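A.B. asks: First the structure, which I've put down as structure tokens, then a few questions once you've had a look.
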Amino acid sequence: MKSLRNIAIIAHVDHGKTTLVDQITRQANLFRDNEVVATRFLDSNDLERERGITILSKNISITYNDTKINIIDTPGHSDFGGQVERVLKLADGVLLLVDAAEGPMPQTRFVLDKALQLGLRPIVVVNKIDKPDARPQEICNKVFDLFCELNASDEQLDFPILYASGRDGWAVADLDDERVSITPLLDAIIKYVPEPAKVPGPVQAQVATLDYSNFVGRIGIGRVYRGTLDIGKPMTIVKRDGSLKQAVIKQLFTFEGLERKETQTIECGDLCAIVGITDIDISDTICDAESPEGMPAIAIDEPTISMTFRINDSPLFGKEGKFVSSRQLRERLFKETERDVALRVEEMVSGDAFKVSGRGVLHLAILIENMRREGYELAVGKPQVIIKEIDGVKNEPVERLSVDVPAESAGKIIEMVGIRHGEMIQMESRGTRQLLEFYIPTRGLIGLRSKALTASQGEAVISHLFDHYEPYKGALPSRQNGVMVSMAGGKAVPFAIDALQLRGEFFIDPGTEAYEGMIVGEHCKDNDLVVNVQKEKQLTNMRAAGSDRNIKIIPARKMSLEQALEYIDDDELVEVTPKNIRLRKIFLTELERRRNKFNKDEE
């Protein structure tokens, strides 16, 4: 190979980076001629395909004009932003992808700032240029303004611009050029991204991200910054705290096309996957045993949200799941920490519950969703924000929130965020829509998305990103309505649901199996209501004309996992099984709930 380029693709969620990378791989003939690619290769797990988001950073390489180009696809959602920062360390340049209609968004700003601080040279790609509301010239001006705001150097400000349609597979340097293929983008990468410097001397490689295999354990993915990494030589690992440890590399892989290819040596500047070091971790430096020299540590995002995971102890326990014990739950959670460094798991005193902390509700919801698909049954408590004490003052995480809504709904959103201690920092008109930006406590985001979508008839586009810690802002308004709780076990009956419909909105359909303490609906008032959804119609042999009316059942309100987690109160749980998501009270009987309330009032 004559030369090498390492480039990371960064963009806001849903600006089309995975689709663009897919077109690059397709046009670089990485797929066999007879292979039909129905779904995007890089979004390889089911959840990524269903939700249309990248969750895990992935590396591939292509060969173009005798140059190996390592392409790193990064997540766009803020809950997975920690990965973005780390993989930028692997790159020498960045491809900044911006939607031709939406322009730079908060996530774009956050990751671009990190890339500019690392001194990476950006190439700007205005994607989705074929959209009817595309405004390429205006977007280019906004990108330039953003670079100026982020104190980009003169060299970084002189960025090349390309226009592309990832879906249709073309890129051009000028809008008047012929729109044929993606090659102008590859030419720009070779021209503008610097080749990694070949630094001679004792080997130095740093791990930036982790993978996990059930067969070989942890796999460290990183880059060789100095010398040549040779599998045959003795190595020393310099850990984050500066301690030294002898290590033997069992296998070494390089990225070739869509796969990893085993090799004996990795040249300076190239990316690699290292197998055989059991406790390898992010930020570890792999050095020559004779002259160990650590590299500066890579920052890892601190969690901002925690939830209690516990075994499912409802009356329907064990009927739908394969893994139901606390031992199995413990093994699965600690295994997840092996591959996800932003996750923290602590055992609670009771022994059958665990405090799991992560970057946000979506981060933990993805873990729960993966677990239920694997056959686990568990109950999860309300998300709680992690409070830090700084100089004796309680501080809470504050996020930068961006809401893109139709102009007529902007007032409702501003009012909604204001109630939650949000503070507006920017308001911008975009034709018939408004872009609103706020600083809001992380607590205020829990449950906000569903309310904002309701207020804007489903048209709000919401994104948020952790920004800083601020002194605790006081109590927030809790859920306005109480819930309807089943008083007995058995299947819900249409007659009972029909009679109770005036009392609130149901979450279950007739025929659904319910149990005592299960939440079956939302009460129209602010107190909880215990209801009998199993009550049958009393049959007699007396009939009068017109006394039997038609039963009309309003369709039940179905919640996704995230909506359920955001909906529950402190005394409630979400019961998650492979087949169902149910809401329930922590204390199932009315007597236990009253006793618990009395004890709290006494305290």
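The values are calculated or read from the model by the stated rules, or taken from the named source; none is laboratory data. A quick note: this is a predicted structure, and the numbers were derived from the prediction, not measured. Don't worry about glycine lacking a Cβ; one is built from the backbone with ideal geometry, like all the others, and counts go over all protein chains shown. For accessibility, only protein heavy atoms count, side chains too; no ligands or nucleic acids. Shrake-Rupley method; radii C 1.70, N 1.55, O 1.52, S 1.80 Å.
A.B. asks: Give 475, 499 a once-over and let me know the one that is under 30 Å from residue 420 (Cα atoms) and modelled with pLDDT under 90. Let's see the steps before the verdict.
C.D. replies: Values: 499 fails: under 30 Å from residue 420 (Cα atoms).
That would be 475, the only listed residue that is under 30 Å from residue 420 (Cα atoms) and modelled with pLDDT under 90.
One line per residue, one yes/no per condition, for (1) touching a Phe, Trp or Tyr at 6+ places or on another chain (Cβ under 6 Å); (2) open to solvent by 20 Å² or more (accessible area, probe 1.4 Å); (3) assigned to a loop (DSSP other than H, G, I, E, B):
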{"site": "509", "(1), (2), (3)": "no, yes, yes"}
{"site": "516", "(1), (2), (3)": "no, yes, yes"}
{"site": "521", "(1), (2), (3)": "yes, no, no"}
{"site": "551", "(1), (2), (3)": "no, yes, yes"}
{"site": "574", "(1), (2), (3)": "no, no, no"}
{"site": "584", "(1), (2), (3)": "no, no, no"}
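A.B. asks: Given the criteria closer than 24 Å to residue 103 by Cα, open to solvent by 20 Å² or more (accessible area, probe 1.4 Å), part of a helix (DSSP H, G or I) and not hydroxyl-bearing (Ser, Thr, Tyr), does residue 449 qualify? So that I can check it myself, show each step before the final result.
C.D. replies: Working: closer than 24 Å to residue 103 by Cα: yes; open to solvent by 20 Å² or more (accessible area, probe 1.4 Å): yes; part of a helix (DSSP H, G or I): yes; not hydroxyl-bearing (Ser, Thr, Tyr): yes.
Here the answer is yes, as residue 449 does meet what is asked.
A.B. asks: Being hydrophobic (A, V, I, L, M, F, W, C), surrounded by 14 or more Cβ atoms within 10 Å (Cβ to Cβ) and in contact with a Lys or Arg (Cβ under 7 Å, 6 or more places away or on another chain) is true for just one of 101, 171, 188. Which residue is that?
C.D. replies: Exactly one of 101, 171, 188 is hydrophobic (A, V, I, L, M, F, W, C), surrounded by 14 or more Cβ atoms within 10 Å (Cβ to Cβ) and in contact with a Lys or Arg (Cβ under 7 Å, 6 or more places away or on another chain), namely 101.
A.B. asks: Let me ask another. Identify, please: which residue in the range 277-322 is among the aliphatic types (A, V, I, L, M) and open to solvent by less than 30 Å² (accessible area, probe 1.4 Å) and is, among those, modelled with the lowest pLDDT? Reasoning before the result, please.
C.D. replies: Step one: filter the range 277-322 for residues among the aliphatic types (A, V, I, L, M), giving 277, 280, 282, 286, 289, 295, 297-300, 305, 307, 311, 316.
Filter once more, keeping what is open to solvent by less than 30 Å² (accessible area, probe 1.4 Å): 277, 280, 282, 286, 298, 305, 307, 316.
Details: 277: 80, 280: 81, 282: 79, 286: 87, 298: 75, 305: 87, 307: 91, 316: 89.
Applying the filter and picking the extreme gives 298.
A.B. asks: Go through (1) assigned to a loop (DSSP other than H, G, I, E, B); (2) among the acidic types (Asp, Glu); (3) farther than 26 Å from residue 61 by Cβ for residue 281 and report which single condition fails.
C.D. replies: (3)
A.B. asks: Which residues, taken from the range 375-415, are basic (Lys, Arg) and out of contact with any helix residue (DSSP H, G or I) (no Cβ under 6 Å at 6 or more places or on another chain)?
C.D. replies: 382, 388, 394
Listed here are the residues, each with its yes/no results for (1) open to solvent by less than 40 Å² (accessible area, probe 1.4 Å); (2) in a strand (DSSP E or B); (3) touching a residue at least 60 places away in the same chain (Cβ under 8 Å).
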residue: 410; (1), (2), (3): yes, no, no
residue: 414; (1), (2), (3): no, no, no
residue: 439; (1), (2), (3): no, yes, no
residue: 459; (1), (2), (3): no, no, no
residue: 470; (1), (2), (3): no, yes, yes
residue: 476; (1), (2), (3): no, no, no
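A.B. asks: Please go through (1) open to solvent by 70 Å² or more (accessible area, probe 1.4 Å); (2) without any contact (Cβ under 8 Å) to a residue 24 or more places away in the chain; (3) within 19 Å of the chain's Cα centre (by Cα) for residue 337 and return the number of the only condition it doesn't satisfy.
C.D. replies: Only one criterion in (1) open to solvent by 70 Å² or more (accessible area, probe 1.4 Å); (2) without any contact (Cβ under 8 Å) to a residue 24 or more places away in the chain; (3) within 19 Å of the chain's Cα centre (by Cα) is unmet by residue 337, namely (1).
A.B. asks: Could you check residue 487 against (1) open to solvent by less than 50 Å² (accessible area, probe 1.4 Å); (2) in contact (Cβ under 8 Å) with a residue 60 or more places away in the chain; (3) under 22 Å from residue 528 (Cβ atoms); (4) aliphatic (A, V, I, L, M) and say which number it fails?
C.D. replies: (1)
A.B. asks: Just one of 365, 342 is part of a loop (DSSP other than H, G, I, E, B) and among the aliphatic types (A, V, I, L, M); which is it? Don't jump to the end; show me each part of the working.
C.D. replies: On the way: 365 fails: part of a loop (DSSP other than H, G, I, E, B).
Within the list 365, 342, the selection yields 342.
A.B. asks: Exactly one of (1) farther than 15 Å from residue 204 by Cβ; (2) free of Cβ contacts under 8 Å to residues at least 60 places away in the same chain is unmet by residue 303. Its number?
C.D. replies: Among (1) farther than 15 Å from residue 204 by Cβ; (2) free of Cβ contacts under 8 Å to residues at least 60 places away in the same chain, residue 303 violates only (2).
A.B. asks: Same structure again: Residue pairs, Cβ under 8 Å, 6 or more apart or interchain, first in the range 154-166 and over 12 Å from residue 136 (Cβ atoms), second aromatic (Phe, Trp, Tyr). List them.
C.D. replies: 156/147; 157/144; 157/147; 159/147; 160/192
A.B. asks: A further question on this structure: If I go through the range 128-155 residue by residue, how many of them are in contact with a strand residue (DSSP E or B) (Cβ under 6 Å, 6 or more places away or on another chain) and either closer than 15 Å to residue 94 by Cα or in a loop (DSSP other than H, G, I, E, B) (or both)?
C.D. replies: Residues in the range 128-155 being in contact with a strand residue (DSSP E or B) (Cβ under 6 Å, 6 or more places away or on another chain) and either closer than 15 Å to residue 94 by Cα or in a loop (DSSP other than H, G, I, E, B) (or both): 4 in total.
A.B. asks: Taking residue 531 as meeting all but one of (1) open to solvent by less than 20 Å² (accessible area, probe 1.4 Å); (2) over 27 Å from residue 597 (Cα atoms), write down the number of the exception.
C.D. replies: Answer for residue 531: the failing condition is (2).
A.B. asks: Could I ask something else about it? Could you say whether any residue in the range 35-57 is touching an Asp or Glu at 6+ places or on another chain (Cβ under 9 Å) and at pLDDT 70 or above?
C.D. replies: Checking the range 35-57: not a single residue is touching an Asp or Glu at 6+ places or on another chain (Cβ under 9 Å) and at pLDDT 70 or above.
A.B. asks: Just checking, does the range 374-391 include any residue being open to solvent by 50 Å² or more (accessible area, probe 1.4 Å), more than 23 Å from residue 560 (Cβ to Cβ), hydrophobic (A, V, I, L, M, F, W, C) and in a helix (DSSP H, G or I)?
C.D. replies: To start, the set of residues in the range 374-391 that are open to solvent by 50 Å² or more (accessible area, probe 1.4 Å) comprises 374, 382, 384, 387-391.
Of the ones still in play, those that are also more than 23 Å from residue 560 (Cβ to Cβ) are 387-391.
Keeping just the survivors that are hydrophobic (A, V, I, L, M, F, W, C) gives 387, 390.
Those still in the list that are in a helix (DSSP H, G or I) too: none.
No, the range 374-391 has no match at all.
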